[in-house]
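The values are calculated or read from the model by the stated rules, or taken from the named source; none is laboratory data. Not measured: the values here are computed from a predicted model. Reconstructed Cβ throughout: ideal geometry from the backbone, glycine too, with neighbour counts over all protein chains shown.
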Amino acid sequence: MTNSNDSVDSSDALLQIGFANECQAWKLESRFFPSKIGGKPAWLAFSDLPCGKDLCCEKCGKPTIHLCQIYAPIDNKQSCFHRSLFVFFCRNPECCDDNDSKNFKVFRCQLPRANDYYPFDPPVEEENWRPDVKAEKFNTLCHICGNKSSSKCSRCKILFYCSKDHQAIDWKAGHKAECSTVLSMEKVKSRSNDVLLKEFEVSIETEESDEDDIHKDEREAIKEYEDLILQGRGGTLQGETAVDADLTAMALKEDKTYEKFRKKIHSNPDQVLRYERGGKPLWVSANHIPKDADIPNCPYCNEKRQFEFQILPQMLNYLQMDDIGKSIDWGTLVVFTCSESCDSGPAYKKECIWKQDFSYEST
């Protein structure tokens, strides 16, 4: 199967970038192996879905919701003919702390070409093609979030939920009025849902940039800042004592890291993610960069994890969650996965996500 424009090519060392686009909802269903933001997860394997505690926020204990997923097959590994990475998060802003990823979850799922869920041949991109290829044939899913359900409405016995929290939300959102009536599933499905994020397709392109020009721009920006320091116009951290000199060095390092980030995304400012399996992340700050010991080995095969992709702060522009006061945000979310993309363990294998926020210490 050739990779579509909404999947990454994880077999090559090319750096690829993703952009958010609106598209028809049917194109984002599991049968078309989408890369997408928001909505309900388009599950890859339809059995052994993550559920319960695995999908709960480690801070508040409430269920997380789908943030995004990336279709990332590995061409030279048969068991990874289909492969997707799923990111979930808690949308409670009180659980969002600086440089802390406990309110995020990430899972890896992979399948060989011949499997129990999908036809052997590539999908036909038509709305009416194989609508039966869906997780609901194998599971009951939460009406609110699309995660695996653990209970159902005891009154109508039609709608299912992953938690009491989502059942209560749906009760207030309209199920209370309709529960005692003869339910039309089409009507129920058309009801608005304020829990999920708006859906967007993520289209993938290879980043095309002249590295020499980028490095030149970085050098020029850093040189300009250093000149300001020498002229005594470098801000409050330029000083005369040894302590002040150390702080100035920290500021220079900080600016170099952020300046690299800024320059890298300058030519494609709307990109929402960067993908380079086995490559290096683009950090937004010199602070809170993980060391090797900070990224645990794969719990299923004990192999090292490696960088696979990162979510950029530009994705926040599409989430429509801005509010006065504390909110969900990040500088970058960096996903590390098993370097062997092993087959051990459950169908949905937990991977590692590292949250780094912007640092303003040098301002």
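Annotation note: Cβ proximity below 9 Å between a residue of the stretch 18-36 that is closer than 22 Å to PRO313 by Cα and in the same structural domain as LEU67 (by TED's automatic domain parsing) and a residue that is part of a helix (DSSP H, G or I) and of a type in the set (S, T, N, Q) (sequence gap 6+ or interchain) occurs for ALA20/GLN314; ALA20/ASN317.
Kindly evaluate LYS53 against the criterion of being surrounded by fewer than 18 Cβ atoms within 10 Å (Cβ to Cβ) and modelled with pLDDT of 95 or more. Please lay out each step first, then the result.
Numbers: surrounded by fewer than 18 Cβ atoms within 10 Å (Cβ to Cβ): yes; modelled with pLDDT of 95 or more: no.
Judged against the criteria, LYS53 is not a match.
Against the numbered list (1) in the same structural domain as GLN306 (by TED's automatic domain parsing); (2) in contact (Cβ under 8 Å) with a residue 12 or more places away in the chain, GLY61 comes up short only at (2). Scan the stretch 129-154 for residues that are assigned to a loop (DSSP other than H, G, I, E, B), in contact with a helix residue (DSSP H, G or I) (Cβ under 9 Å, 6 or more places away or on another chain) and of a type outside the set (Ser, Thr, Tyr) and the total you get is 13. Taking the criterion of being touching an Asp or Glu at 6+ places or on another chain (Cβ under 9 Å), without any contact (Cβ under 8 Å) to a residue 40 or more places away in the chain and polar (S, T, N, Q), the only residue of the stretch 266-304 that qualifies is ASN297. Any chance the stretch 149-157 includes a residue that's under 24 Å from the mean Cα position of the chain (by Cα) and closer than 30 Å to CYS338 by Cβ? The answer is yes, given that some residue of the stretch 149-157 is under 24 Å from the mean Cα position of the chain (by Cα) and closer than 30 Å to CYS338 by Cβ. For the stretch 10-27, indicate whether the set of residues that are modelled with pLDDT under 95, assigned to a loop (DSSP other than H, G, I, E, B), buried (at least 21 other Cβ atoms within 10 Å of the Cβ) and over 13 Å from the mean Cα position of the chain (by Cα) is non-empty. Yes, the stretch 10-27 has at least one match. Inspect all residues belonging to the stretch 139-151 and state whether any of them is exposed (fewer than 15 other Cβ atoms within 10 Å of the Cβ) and basic (Lys, Arg). No - not one qualifying residue is present in the stretch 139-151. Number of residues in the stretch 163-217 that are at pLDDT below 85, in a helix (DSSP H, G or I) and among the polar types (S, T, N, Q): the value is 1.
Just one of (1) in contact (Cβ under 8 Å) with a residue 60 or more places away in the chain; (2) assigned by TED's automatic domain parsing to the domain that holds ASP194; (3) farther than 27 Å from SER151 by Cβ fails for PRO112. It is (1).
Quick check, is ASP323 modelled with pLDDT under 95 and surrounded by 19 or more Cβ atoms within 10 Å (Cβ to Cβ)? Spell out the reasoning first.
Values: modelled with pLDDT under 95: yes; surrounded by 19 or more Cβ atoms within 10 Å (Cβ to Cβ): no.
The answer is no for ASP323.
Selection over the stretch 50-84 of residues that are within 26 Å of TYR118 (Cα to Cα), out of contact with any helix residue (DSSP H, G or I) (no Cβ under 7 Å at 6 or more places or on another chain) and part of a loop (DSSP other than H, G, I, E, B) gives a count of 7.
If I filter the stretch 74-85 for residues that are aromatic (Phe, Trp, Tyr), within 18 Å of the chain's Cα centre (by Cα) and modelled with pLDDT of 95 or more, do I get at least one hit?
Taking the stretch 74-85 and keeping what is aromatic (Phe, Trp, Tyr), we get 81.
Adding the requirement that they be within 18 Å of the chain's Cα centre (by Cα) leaves none.
Within the stretch 74-85 (the criterion being aromatic (Phe, Trp, Tyr), within 18 Å of the chain's Cα centre (by Cα) and modelled with pLDDT of 95 or more), the answer is no, since none of the residues qualifies.
Against the definition (crowded, with 18+ Cβ neighbours inside 10 Å, closer than 22 Å to SER339 by Cα and not hydrophobic (A, V, I, L, M, F, W, C)), how does SER84 come out, yes or no? In short, yes.
Is it true that some residue in the stretch 352-359 is touching a Leu at 6+ places or on another chain (Cβ under 7 Å), more than 18 Å from ALA72 (Cα to Cα) and not polar (S, T, N, Q)? Yes.
Scan the stretch 332-363 for residues that are modelled with pLDDT under 95 and either outside any loop (DSSP other than H, G, I, E, B) or buried (at least 20 other Cβ atoms within 10 Å of the Cβ) (or both) and the total you get is 1.
Give the number of residues within the stretch 103-128 that are among the β-branched types (Val, Ile, Thr) and assigned to a strand (DSSP E or B). Before the answer, list the steps.
Filtering the stretch 103-128 down to residues among the β-branched types (Val, Ile, Thr) leaves 106, 124.
Those still in the list that are assigned to a strand (DSSP E or B) too: 106.
The number of residues fulfilling the criteria is 1.
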